[in-house]
Amino acid sequence: MTNLSGKTALVTGASRGIGRASALALARAGAQVLVHYSSNEKAADAVVAEIRAAGGNARKVAADLRAADGPHALAARVREVVGGRLDILVANAGISKAVAIADMTVADFDDLFAVNVRAPFFLVQQLLPVMCKGSSIVLLSSLAARASVGTLSAYAATKGAVDTLVRHFAAALGERGIRVNAVAPGVVDTDMSSIVKTDDGRAYALGMQALKRIAQADDIAGAITFLASDDARWVTGDTLRVDGGSKL
Ligand SMILES: NC(=O)c1ccc[n+]([C@@H]2O[C@H](COP(=O)([O-])OP(=O)(O)OC[C@H]3O[C@@H](n4cnc5c(N)ncnc54)[C@H](OP(=O)(O)O)[C@@H]3O)[C@@H](O)[C@H]2O)c1
């Protein structure tokens, strides 16, 4: 089993969905976990309580990552808590907007890029002083970055930007021994995923997947834990598809 004892991880958007599952998985592997949330404090408290009840070490940290200074405020708080060293950053917090091209507003477009692209960029920038040789950064991409699914063009563009950041960050930070990768989930059964809430949507998702079931957040958390761990010590600059073989 993956051993993350002695490591400290920050998971953004850890109150719900894939972030929550990742925080729990990293904690099960032995990491101390900073559980980030934005508005859902009760849900973050529940994640912290679940980790502590299982004998792990966790605490919550709050920040609105849509605000221009949100990543800076979060990084400052994290640096206070961890002292000199952060081993794992899972920049998972994200928002989506399923809307026809004709109906996309400038405000929603800007919000998508603020939370999904600007925030991870500046969070990495602001946390670099406490990341060291062996640290691992995992970003969240999406199937939508490489294939047309639903009415997600603006959201998909944010995830294409994430894939680009992964390659540039990995190239720039490799010399310091810091690895940078992303996972690209397909359809996952979380609050974000409106497609799994209807029979037609589920049929559409199953129709494009090789594996015929709807993914749960845990299915993604395992891949994130792998990329965060030393088992992936020779993997950097990559986006790992974790989508049950979608749109092959
Ligand atoms: N679900 C899918 O099918 C799917 C597929 C591909 C990729 N992804 C990606 O996976 C990641 C997680 O998605 P999910 O499905 O787990 O989403 P989710 O269940 O909707 O959870 C979103 C998380 O992001 C946080 N968040 C939202 N807006 C924020 C803001 N302004 N500032 C800070 N945090 C904010 C939320 O915090 P609060 O609870 O405090 O609001 C929550 O913890 C996202 O990057 C998403 O794009 C998801």
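The values are calculated or read from the model by the stated rules, or taken from the named source; none is laboratory data. Since the model is a prediction, treat every value here as computed from it, not as a measurement. All Cβ positions, even for glycine, are placed from backbone atoms using ideal geometry, and neighbour counts span all protein chains on display. For the accessible areas, the whole protein counts, side chains as well, though only heavy atoms, and no ligand, DNA or RNA atoms are used. Shrake-Rupley method; radii C 1.70, N 1.55, O 1.52, S 1.80 Å.
Quick grid of which residues meet (1) in contact (Cβ under 8 Å) with a residue 12 or more places away in the chain; (2) open to solvent by less than 30 Å² (accessible area, probe 1.4 Å); (3) more than 10 Å from the ligand (Cβ to nearest atom); (4) in contact with a strand residue (DSSP E or B) (Cβ under 9 Å, 6 or more places away or on another chain):
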site	(1), (2), (3), (4)
Ile88	yes, yes, yes, yes
Asp103	no, no, yes, no
Ala107	no, no, yes, no
Val117	yes, yes, yes, no
Leu123	yes, yes, yes, yes
Lys133	yes, no, yes, no
Ile137	yes, yes, yes, yes
*Of the numbered conditions (1) closer than 26 Å to Arg20 by Cα; (2) part of a loop (DSSP other than H, G, I, E, B), Val99 satisfies every one except a single condition; which is it?*
(1)
*Which fully enclosed strands (runs of 3 or more DSSP E) of the stretch 1-72 have 3 or more residues being crowded, with 21+ Cβ neighbours inside 10 Å and out of contact with any His (no Cβ under 9 Å at 6 or more places or on another chain)?*
32-37
*Among the residues of the stretch 159-200, how many are in contact with an Asp or Glu (Cβ under 6 Å, 6 or more places away or on another chain) and more than 8 Å from the ligand (Cβ to nearest atom)?*
1
*Filter the stretch 91-101 for residues that are within 12 Å of the ligand (Cβ to nearest atom) and either open to solvent by 80 Å² or more (accessible area, probe 1.4 Å) or not β-branched (Val, Ile, Thr) (or both) and give the result.*
Ala91, Asn92, Ala93, Gly94, Ser96, Lys97, Ala98
_Scan the stretch 55-71 and tell me whether some residue there is under 23 Å from Ile195 (Cα atoms), modelled with pLDDT of 95 or more and not small (Gly, Ala, Ser)._
no
*Regarding Val81, is this residue open to solvent by less than 70 Å² (accessible area, probe 1.4 Å), away from the ligand (no atom under 16 Å from the Cβ) and among the aliphatic types (A, V, I, L, M)?*
yes
*Scan the stretch 62-109 residue by residue and report those that are touching a Pro at 6+ places or on another chain (Cβ under 8 Å) and among the aliphatic types (A, V, I, L, M).*
Ala63, Leu65, Ala91
